[in-house]
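Working notes for the structure below.
The values are calculated or read from the model by the stated rules, or taken from the named source; none is laboratory data. From a predicted model like this one, the values you see are computed outputs, not experimental measurements. For neighbour counting, all protein chains shown are included, and Cβ atoms are generated from backbone atoms with ideal geometry for every residue, glycine included. Accessible surface is based on the protein model in full, side chains and every heavy atom, while ligands, DNA and RNA are left aside. Shrake-Rupley method; radii C 1.70, N 1.55, O 1.52, S 1.80 Å.
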Amino acid sequence: MNTQLYQPLQGSDLLLMAPELTLVIAVIVMSIVDLLLPRSINRSWIGGMSLIAVLVSLGTVIWTLVDRYQDAIAGHKVGVIELLGGSYRIDDFGLLIKVVLLIGTALVILISIGHIRESDIQHRGEYYYLLLPAVLGGLVLVSSADLITLFVGLELLSISSYLLVAIRKRDRRSTEGAYKYIVLGSTASAFILYGMSFLYGMTGATHLGQIAEALAQNADQFLPLLYLSMLLLLVGFGFKIAAAPFHAWSPDVYEGAPTPIAAFLSVVSKGAVLALLFRLVFHILFGFQYADGLGYLSSAGAFINEDVSLILLSIAALSMIVGTTMALRQVKVKRLLALSGVANAGYLLVPLGLNIFQPTAWYSSNFSTFWYYLIAYAFTTIGAFAVLAMVCRGTEHEELKSFAGLYYRAPWLAVAMTIFVLSLAGIPITAGFFGKLYILLGAVATHALWLAIIMMVTSVISFYVYFGFIRHMFMRDCESVSHLQTAQPQSFELESEVGLESPKGHVGPVSFKRIHVSVASGAVVACSAAAVIILAIFPNELMTWVNTLLSLANDIYAAS
Amino acid sequence: MVPWLTLLAFSPLVGVLLLSLVPHERVKLLRCIGIAAALLPLLLALFIYTYVNVGGQGSSLTERYNWIAIPLNIEAIQPYVQSWSFEIDYHLSIGGLSLPLVVMTAIVTAMAAWASLTIKQRVKSYYIWFLLLEVGMLGVFMARDLFLFFLFFEWTLVPMFFLIGIWGFAKREKAANRFLVYNGLGSALLLVAFLILTATAGLSVRGEAGAPLHLVYSGDLEQMIRQLSDAQSFVNTLPGPASSFNPFYLSEAWRTTAFVLLLLAFGIKLPIFPFHTWMLRVHVEAPTPVVMLHSGVLLKMGAYGLIQFGVALLPQSFVSWSTVLAIIGLINIVYGALLAYVQKELRLLLAYSSISHMGFVLLGIAAMNDIGMQGAVLQIVSHGFISALFFLLVGCLLERTGTSRIDELGGLAKRLPFLSAMLLLAGLASLGLPGLSGFMAELLSLLGLYGQLPWAAIVGGLGIILSAVYVLRGVLAITYGPLDMRFAQLKDTRAVEAVPAVILTLAIIVIGVLPAVVTMPVQQGIEHIIHIIQAGR
């Protein structure tokens, strides 16, 4: 354990924190330059600059991972590197999650570059240099090993997100959404703080390793308090990831937020908090008796693991059910995707809740399935939001109707959206299907059959929801939602000989609103669609990589 | 070695590629490409049929490549296990049951592509989805890995959704949704059942005794069958004392759960009685060439899956539940026949008749012996051709008269002699006239069942009589009687329409006269399954 309270920050430590520091520097430079530049100068370049910052940060993360992978292959695995008095850890868990967060942010920035116009958001500079601290909060969140650092990261992420939701100042829905988000988000933060205070009270420590160790020794004395603290934390984090029954804010907030920000909330924000929850649950609640690695439970302490597991899985099941059933009658696309995010939070909670300590199973691949689903979900959702941003541009309502006849207006966009929709619904051959398959395998291997069945049944209900997009894109006319008038497949005249008739192949209306596909948004859609397919067909390399890097015992349990 | 099976399964993609290069105004060219692309797999399938049957003498083609291999975390079991992975193999094989079904699929699909000349709108996307559907159907009948099978099985939903939803009749979107949700539910349950089996019987241990083990989870069918029939394997070893638990033991409760899930999953597709409502809508609302595929091939995927994956994997469960299967089969037969009798719409009559005929497949399976199983497979193939022929003719009828309601039609034999004759012929095949394919199939199913459950076979025999009643009522009402003035100017079938009808009829007659063309390749696959059953008994 680390008893030294103050460790000077070394130069080499700075290198380890390069991903975070890159973002910090970029934010400072961008905000100062934005402040000093006269108003008349166009600020479009700020988006490009923030994209570069995120890509540099992503590069350093990947570089570190490759380095660690080569070490792991060579046989001398680099363990956890602790910085800043043990409160910050560089480990494979954090790095792998950071890859997803940074890729997600980069794509969101690209959508923003294609989507955000001066007329829409007056403060484009602010918009971009608020996105960076938000993702920075996410990075801090998944790397922190101390309750204080963790909370700082969480609030950095949350407060930046509040601002981003509210950034369309003149829009009433935006203000309303932001208001709801701030009130509920702060309440959730309060819950989390309250839960943390009990943890501190019981153990006298804020460092996760020390908490786990202290709980391992004295948990029996504080069981009621431990449960209380755990419940408070789960409620708080449940709000942050929009899991049912704490999801009510998300449709309103997504609807109010600019489309790229809704994508950011549903992928980066949700992913970061889920990853943190993963670490907390495994580190403190599942692992508190095993400071020295994995092992099987003695019967005395098994029940708290079982309870935590059961509560997490129940929240997961409830989120799937609520998310899909509420989406059934939803016609507003952003609200629909928000509810889809609720259901997906449920799917992502499953690997968190699968108890690897029960003696009935040998299964412990929770992290790799979680990671795979998260990255599949990230590409799918961001792709869908990118299409949405283009399709709904200029339309007031942002309803499913605006997708009507998309196939005639922009066939490739419709094809890409079909891929995203299939992936969300979990139909082969897409990453969404394999993500669900791997999670399901875990659920069945740990004998949680009830959960597997709920998962599958809700994903079938979601077929109806997601195929609504396909119905509109391919089967409806774009001017009215009524059925195609011309579609009477049976011709009554036999004389109209095959091929002699006038070409009727194209039923689409002649006059329709063109969809402007900007280079940046088009690139996002193309990349995401390709990624959804490639992840599905060639997962081997990537998953081997993840599996070699990550070790539950080293990356999650290792006490300082 | 030429990967014939991969070529066969993905040959329709050649057509997809060509079609996507042709502009959508060139309707005639698009149709030619579409039909040619559906003929390509037919030629390949016929070639493979002769290759396997004549050249290899019962040998079967197999292709196998490693596809997905996901490492699993082993930290919870570190000292004992060195590696653990989840694998999905690209494993195609055409032995046994698959061969006749693949040929049937290729023939029916090619004929349906031909019949799709009635499609007038959005021809390009129609043929693209049509061919993508064919890839799924061919893959389903050849896959030998549970998950590969599932991929193809589930994939068929997407093209079907488009084909029904875009080119269907008035209530097409509703029918497409109904189709999607019911079949989605079926495949969801199927996946859970497959995962239960994979999480237990799918485990294989590689490596020497004493050394750290290499565990593999895989969905490989043959290996799973081996594991399940091996008393020494993990699956069948009861957990000992607490110190040596076995998480891979397939307990009786799990076995039953897996069986029920499989039965429900394939039962929805088949369909069995309470889950049939979706297919009625599809029969009425989908364009007729698509119904040819749906009724001719897609419903058969349920029956095929039940035999190839259900009976082969869990023979004991099927033996102990055989009475239930027989009862479900009888309900299907009688319910389908009675409702077929009261229908006023020809397409609905045929839909209910499909339910009734699929009941015989269940009876054949319930027999759990050589003859019954032969009958079941023969019925699958025979009904595939018969219903495809029926809907081909219904398509011709609809194009001329605009209706397929029995009470509006009548006396068509005068104006449309060829069409009426073909309709009558299909009807006779359907009611089981000796010499046509339906007869042998139903006879064998009942014969097989008679040895096990005589009462069920007798009630089932009643079904044949009922089918004669409803088929003749429907067909005769259309072909004979007074001719409506509206239809006085109708013209009989053109040659271009007649060709697929003649080919399908030929297939029906060939199977009726020479059932060995189906049963001979099947025998080998069946023997394998029967062997497992007898070992289990």
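General remarks:
- Computed over the Cα atoms of chain B, the ratio of the radius of gyration to the Kirkwood radius (Rg/Rh) comes to 0.99.
- Loop-resident sites, the stretch B:156-208, for trypsin sites (Lys or Arg not before Pro), counting at most 15 other Cβ within 10 Å (DSSP): B:LYS171
- Listed values for the stretch A:123-129 are Karplus-derived 3J(HN,Hα) couplings in whole Hz (6.51 cos²θ - 1.76 cosθ + 1.60, θ = phi - 60°), namely 9, 5, x, 4, 3, 6, 7, and x replaces Gly and Pro.
- Between helix B:146-155 and chain B: long-axis angle, C-alpha atoms, 0 to 90°, nearest 10: 30
- Here's the picture: charge each Lys and Arg Cβ at +1 and each Asp and Glu Cβ at -1 in the protein assembly as shown, and of A:ALA205, B:MET111, B:HIS531 the one pushed furthest to the positive end of that dipole is B:MET111.
- Pairwise burial B:A, computed as accessible area of each alone minus the pair, summed, 1.4 Å, Å²: 6700
- In this structure the amide hydrogen of A:TYR88, modeled in the peptide plane, comes within under 5 Å of the amide hydrogens of A:LEU83, A:ALA145, none closer than 5 places in sequence on its chain.
- Sites B:LEU490 and B:GLN534, calculated FRET efficiency, Cβ-Cβ separation with R0 51 Å, nearest 0.05: 0.35
- Over chain B, dividing the summed -39,500 (n - 2.57) contributions of all DSSP H runs of at least 4 residues by the number of residues returns a 222 nm mean residue ellipticity of -22000 deg cm²/dmol.
- Taking the longest Cα principal axis of chain B as reference, the axis of helix B:346-367 is set at about 30 degrees.
- Per residue, the Cα convex hull of the stretch A:177-226 amounts to 75 Å³.
- Rounded Å value of the spacing that divides the Cα centres of the stretch A:15-46 and the stretch A:144-166: 20
- Alpha carbon centroid spacing (whole Å) that separates the stretch A:107-128 from the stretch B:175-194: 42
- The accessible surface of chain A, taken with every protein chain in place and a 1.4 Å probe, is 65 percent carbon and sulfur.
- Amide H contacts of A:ASP477 (H built 1.01 Å from N, under 5 Å, at least 5 apart or other chain): A:LEU484
- Rounded to whole Hz, the Karplus (6.51, -1.76, 1.60) HN-Hα couplings of the stretch A:249-263, x for glycine and proline: 6, 5, x, 5, 5, 4, 5, x, 6, x, 3, x, 5, 4, 4
- Full-extension gain in nm, B:ASN246 to B:PHE10, via 0.36 nm per residue minus C-alpha separation: 80.8 nm
- Sequence of B:LYS491, A:LYS240 when ordered by accessible area, the most exposed leading, probe 1.4 angstrom: B:LYS491, A:LYS240
- Highest mean first, the peptides B:94-103, A:147-156 sorted by other C-beta atoms within 10 Å per residue fall in the order B:94-103, A:147-156.
- The angle between the Cα long axis of helix A:147-165 and the main principal axis of chain A comes to about 20°, on a 0 to 90 degree scale.
- Vicinal HN-Hα couplings computed from phi for the stretch A:514-527 (Karplus, 6.51 cos²θ - 1.76 cosθ + 1.60; Hz; Gly/Pro x): 6, 9, 8, 9, 6, 4, 5, 5, x, 5, 4, 4, 5, 4
- Proximity of backbone amide H atoms, modeled 1.01 Å from N, is registered between B:GLY410 and B:ASP484 at under 5 Å, excluding neighbours fewer than 5 places apart on the same chain.
- Protein-only accessible surface at a 1.4 angstrom probe places the residues B:GLU345, A:GLU82 in the order A:GLU82, B:GLU345, largest first.
- The spacing between the stretch B:12-46 and the stretch A:222-274, judged by their C-alpha centroids, is 50 Å.
- Of the trypsin sites (Lys or Arg not before Pro) found in the stretch A:54-110, not one falls in a DSSP loop while having at most 13 other beta-carbon atoms within 10 Å.
- CD proxy at 222 nm, helix term only [per DSSP H run n ≥ 4: -39500 (n - 2.57); per residue of chain A; nearest 500]: -22500 deg cm²/dmol
- Coordinate range along principal axes, alpha carbons of chain A, Å, largest first: 89, 62, 48
- Over 24 Å apart at the Cα level, from the set A:LYS436/B:LYS171; A:LYS401/A:LYS436; A:LYS332/B:LYS120; A:LYS180/A:LYS332; B:LYS28/B:LYS174; B:LYS124/B:LYS300, are A:LYS436/B:LYS171; A:LYS401/A:LYS436; A:LYS332/B:LYS120; B:LYS28/B:LYS174; B:LYS124/B:LYS300.
- Per-pair calculated FRET efficiency, R0 = 45 Å: B:ARG64 and B:VAL342 via Cβ, rounded to 0.05: 0.35
- In the context of the full protein assembly, B:THR198 retains an accessible surface of approximately 0 Å², using a probe radius of 1.4 Å and ignoring ligands and nucleic acids.
- The largest accessible area among B:HIS24, B:HIS91 belongs to the first residue in B:HIS24, B:HIS91, and the rest follow in falling order (1.4 Å probe, all chains).
- Counting DSSP beta bridges with both ends in chain B, the antiparallel % (nearest 5): 75
- Placing +1 on each Lys and Arg Cβ and -1 on each Asp and Glu Cβ, with no other charges, gives chain A a dipole about its Cα centre of roughly 1280 debye.
- Radius, Kirkwood style, for the protein assembly as shown when every pair of distinct Cα atoms is counted (Å): 31.0
- Listed by chain and number, the lysines whose alpha-carbon sits under 24 Å from that of B:LYS414, ignoring those within fewer than 8 places in the same chain, are B:LYS344, B:LYS491.
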